[in-house]
Amino acid sequence: MKNNSDSIIKIKKPSEINLSSIIQDSAKKTFLMTAANAGSGVTSSSLSLAEELSKIAAGSVLIIDTSISKDNLTTMLGKETALGLTDIETNQETINIVDYLYKFNNFYLMPCGRNSRKIQETINKDINKILKTLSSKFRFIILDGDAIYGNVNAIDLASKVDGVILVIQAEETRWEVAQAAQKRLKQAGADIIGCVFNDRKYYTPSWIYNKL
């Protein structure tokens, strides 16, 4: 796939995110949201993108939590004991994917799962089959990922999705670090379709608090 590294979206707040001009008419379905460093607002940007896409997509939108950080989306929404990504048994002829999905706002959520320590094994062995199954049911799938320099999972996932969106935190992420992160992603075979420039101090959109 051709890398569109010059497609950069700058926003004032994650809740104002709008990548629809890049992806709504695209054949791409699966996207990884990641950042160079932790604390850059990846999860809030993922939520905002899912909310935006749910309004314009001709089909359902799903967020998959692939982060193992202590404050990941699964924990934020109190789904630590819920079935999720790492619990899916792919050795079955058919995967009953409904058991691992939860409706949230205008889109769907798949938590990390009950055993987040299996996330690397799931990414290495099962994620391609899982994404193929999900792609037949959802128009857009967003993988909420860890930071590139925080966990190897993000690099491993980058080549398994249709596109990668890099979140950059204003006044925190040094330009050299962002460039190095972009280089690592490209070396991993990632198609970087855009960047989110995030300058918000508090990263959870206000409408999330109403759901907690």
Tally, over region 47-61, of residues that are at pLDDT 90 or above and either surrounded by 24 or more Cβ atoms within 10 Å (Cβ to Cβ) or touching a Ser or Thr at 6+ places or on another chain (Cβ under 7 Å) (or both): 1
Condition met for ILE127 (farther than 22 Å from SER48 by Cα, modelled with pLDDT of 90 or more, among the aliphatic types (A, V, I, L, M) and touching a Lys or Arg at 6+ places or on another chain (Cβ under 6 Å)): yes
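Assess whether THR75 counts as being crowded, with 24+ Cβ neighbours inside 10 Å and either modelled with pLDDT of 90 or more or on the phi > 0 side of the Ramachandran plot (or both). Steps first, please.
Details: crowded, with 24+ Cβ neighbours inside 10 Å: no; either modelled with pLDDT of 90 or more or on the phi > 0 side of the Ramachandran plot (or both): yes.
Here the answer is no, as THR75 does not meet what is asked.
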Single unsatisfied condition, GLY113 versus (1) surrounded by fewer than 22 Cβ atoms within 10 Å (Cβ to Cβ); (2) touching an Asp or Glu at 6+ places or on another chain (Cβ under 6 Å): (1)
Single residue of region 138-156 satisfying the filter (over 10 Å from the mean Cα position of the chain (by Cα) and hydrophobic (A, V, I, L, M, F, W, C)) that is farthest from LEU49 (Cα to Cα): VAL152
Close pairs (9 angstrom Cβ cut-off, 6 or more residues apart or separate chains): free of Cβ contacts under 8 Å to residues at least 60 places away in the same chain and among the charged types (D, E, K, R) in region 62-83, surrounded by fewer than 19 Cβ atoms within 10 Å (Cβ to Cβ) and part of a loop (DSSP other than H, G, I, E, B) anywhere: GLU80/ARG114
Sole residue being surrounded by 17 or more Cβ atoms within 10 Å (Cβ to Cβ), farther than 25 Å from THR133 by Cα and either more than 12 Å from the chain's Cα centre (by Cα) or at pLDDT 85 or above (or both), chosen from ASN18, ASN37, ASN3: ASN37
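Mind checking which residues of region 137-154 are of a type in the set (A, V, I, L, M, F, W, C) and closer than 23 Å to SER26 by Cα?
Residues of region 137-154 that are of a type in the set (A, V, I, L, M, F, W, C), as a first pass: 138, 140-143, 147-148, 152, 154.
Listed by number, the residues that qualify are PHE138, PHE140, ILE141, ILE142, LEU143, ALA154.
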Residue check, VAL167 more than 23 Å from ILE97 (Cβ to Cβ), modelled with pLDDT under 90 and surrounded by 22 or more Cβ atoms within 10 Å (Cβ to Cβ): yes
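The values are calculated or read from the model by the stated rules, or taken from the named source; none is laboratory data. In this text, all values refer to a predicted model and were calculated from it rather than measured experimentally. In this analysis, Cβ positions are derived from the backbone assuming ideal geometry, glycine residues included, and neighbour counts consider all displayed protein chains.
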